[in-house]
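Chemist: Please read through the structure below; I'll follow up with questions.
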Amino acid sequence: MTSTSISNVRSYPQNIDKLSRVKGGVAGLLIGDALGVGTQWYYNLDQLAQDHGPWIDTYQDPAANGSHSFANISHFRYEQGVRAGDLSQTGQVIVLLLESLASCDGFVLTDFLERLDDFFAPLSGESFSGRYTDELMVDLIRVRRTGLHWGDPRIASCCDTTEGAQFVALLALAIDDPVALTDAAEKLLQTFYREPFIRQNTLVFALVVQAMVNGIPLTELPAFLTGMAKRPEVMSAIQRYDHLLTPGNGQVAWQPETVRIEPALHISQVYGMDCQLIHVLPCAYYLMHRYPDQFEQGVLSAINGGGNNMARAALTGVLLGAMNGLEMIPDHLLSGLHDSDRYLMLADIMREQ
């Protein structure tokens, strides 16, 4: 980390229009997803470089014949026609929620779930379906097809992944009040996730995104979050005070003389390269603190760290996009994202509700 970026950490852009932050967050979330769809699940960084080059800086096709242990998934996506700039299946569901938010007067869970059922209809319920179906969606599809109705607690999955964090990040871009956000996000998360620990840490992530879109400086973020402990409507869902401290751990990026990770992409190997929420979130928080005014560097560090780089980049992207606004996202990342104009139009409509 350069001395310039360390000094800028206390003065990352503050005079940004709220709508620009919202659109930057939406774009950042989907850009991170699309950057990863061609390069996901390389747990050997040498193999990642062999198939995709020494530094990934743009969208790439999934490898038709990859060298990594998850080459069958890359090959499947390639055979399904997924190409550079496309979204993953998780990204497609994010867009479903974006469409729901844009068409409804606020968050309407039943509307989103109806759209999700329609999305599920052509899928087999197996992993190798659609653009590849991750664990959460496999669980939900299979249980829904047993005849259980949405809202039945038996539908919720035991998985510990990050899709919920990506979904509630959209809610955080649409809802300004922490209590209202907590209520909406908890309803969505209880539908999808059985484990309270996963829901609680995901809710904290939503509050961080909300703080960023509302222009809370990083230096004030710990106080903003711990202040939630005085709001019973929020703490009844988050439960543990310690969850509120986790995002602030990323401030270690401000102390390179004490803890130095070079290059920053190796943060994935510090916390874990896999899909678990508790491994992906700390990476995103670290990159947010390390590159508060450098959207591209933060997101590309997430992508080049391998493993589940798609989720890591999406979570980093929504944070840095909300912090820096749409104007700070490079043109090549916006123009290369298929259908980006439509996503930004939906973000406009979402904020008009």
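The values are calculated or read from the model by the stated rules, or taken from the named source; none is laboratory data. Treat the numbers as computed from the prediction; the structure is a model and nothing was measured. Don't worry about glycine lacking a Cβ; one is built from the backbone with ideal geometry, like all the others, and counts go over all protein chains shown.
Chemist: Six or more apart or on different chains, Cβ under 6 Å: which pairs go from a residue in region 159-181 that's closer than 14 Å to residue 314 by Cα to one that's modelled with pLDDT of 95 or more and not in a helix (DSSP H, G or I)? Could you list them?
Modeler: Filtered contacts from region 159-181: 161/275; 164/193.
Chemist: Among the residues of region 81-99, write down those that are more than 14 Å from the chain's Cα centre (by Cα) and either crowded, with 23+ Cβ neighbours inside 10 Å or closer than 21 Å to residue 114 by Cβ (or both). Before you say what the answer is, go through the steps one by one.
Modeler: Taking region 81-99 first, the residues more than 14 Å from the chain's Cα centre (by Cα) are 81-86, 96, 99.
Matches in region 81-99: 96, 99.
Chemist: Scan (1) of a type in the set (A, V, I, L, M, F, W, C); (2) in a helix (DSSP H, G or I); (3) within 22 Å of residue 48 (Cβ to Cβ) for the single condition residue 337 breaks and write down its number.
Modeler: (2)
Chemist: Quick check on region 184-203: of everything there that is of a type in the set (S, T, N, Q) and in contact (Cβ under 8 Å) with a residue 40 or more places away in the chain, which residue is surrounded by the most Cβ atoms within 10 Å (Cβ to Cβ)?
Modeler: 202
Chemist: Another one. Taking the conditions exactly as written (of a type in the set (Ser, Thr, Tyr) and touching a residue at least 60 places away in the same chain (Cβ under 8 Å)), does residue 286 satisfy them or not?
Modeler: no
Chemist: Shifting gears a bit: What is the residue count in region 159-191 for residues that are within 22 Å of residue 88 (Cα to Cα) and not small (Gly, Ala, Ser)?
Modeler: Adding up the residues that qualify gives 14.
Chemist: If I go through region 14-59 residue by residue, how many of them are out of contact with any strand residue (DSSP E or B) (no Cβ under 8 Å at 6 or more places or on another chain) and either in a loop (DSSP other than H, G, I, E, B) or charged (D, E, K, R) (or both)?
Modeler: 20
Chemist: Being within 19 Å of residue 254 (Cα to Cα) and assigned to a helix (DSSP H, G or I) is the requirement here; does residue 319 meet it?
Modeler: The answer is yes for residue 319.
Chemist: Are any residues in region 134-183 hydroxyl-bearing (Ser, Thr, Tyr) and surrounded by fewer than 22 Cβ atoms within 10 Å (Cβ to Cβ), and if so, which ones?
Modeler: Matches in region 134-183: 146 only.
Chemist: Of the residues that sit in region 225-275 and are among the polar types (S, T, N, Q) and farther than 25 Å from residue 292 by Cβ, which one is surrounded by the most Cβ atoms within 10 Å (Cβ to Cβ)? Walk me through how you get there before you give the answer.
Modeler: We begin by selecting, within region 225-275, every residue among the polar types (S, T, N, Q); these are 226, 236, 239, 246, 249, 251, 255, 258, 268-269.
Filter again for farther than 25 Å from residue 292 by Cβ, leaving 236, 239.
On the way: 236: 10, 239: 13.
Among residues in region 225-275 that are among the polar types (S, T, N, Q) and farther than 25 Å from residue 292 by Cβ, the one surrounded by the most Cβ atoms within 10 Å (Cβ to Cβ) is 239.
Chemist: Still on this structure, I have one more. Of the residues 298, 305, which is outside any helix (DSSP H, G or I), small (Gly, Ala, Ser) and either in contact with a strand residue (DSSP E or B) (Cβ under 7 Å, 6 or more places away or on another chain) or buried (at least 24 other Cβ atoms within 10 Å of the Cβ) (or both)?
Modeler: 305
Chemist: So which of 100, 69, 124, 74 is free of Cβ contacts under 8 Å to residues at least 12 places away in the same chain, touching a helix residue (DSSP H, G or I) at 6+ places or on another chain (Cβ under 9 Å) and of a type in the set (Gly, Ala, Ser)?
Modeler: 124
Chemist: Please determine, by comparing only the residues of region 204-224 that are of a type outside the set (Val, Ile, Thr), crowded, with 20+ Cβ neighbours inside 10 Å and in contact (Cβ under 8 Å) with a residue 40 or more places away in the chain, which one is farthest from residue 287 (Cα to Cα).
Modeler: The selected residue is 206.
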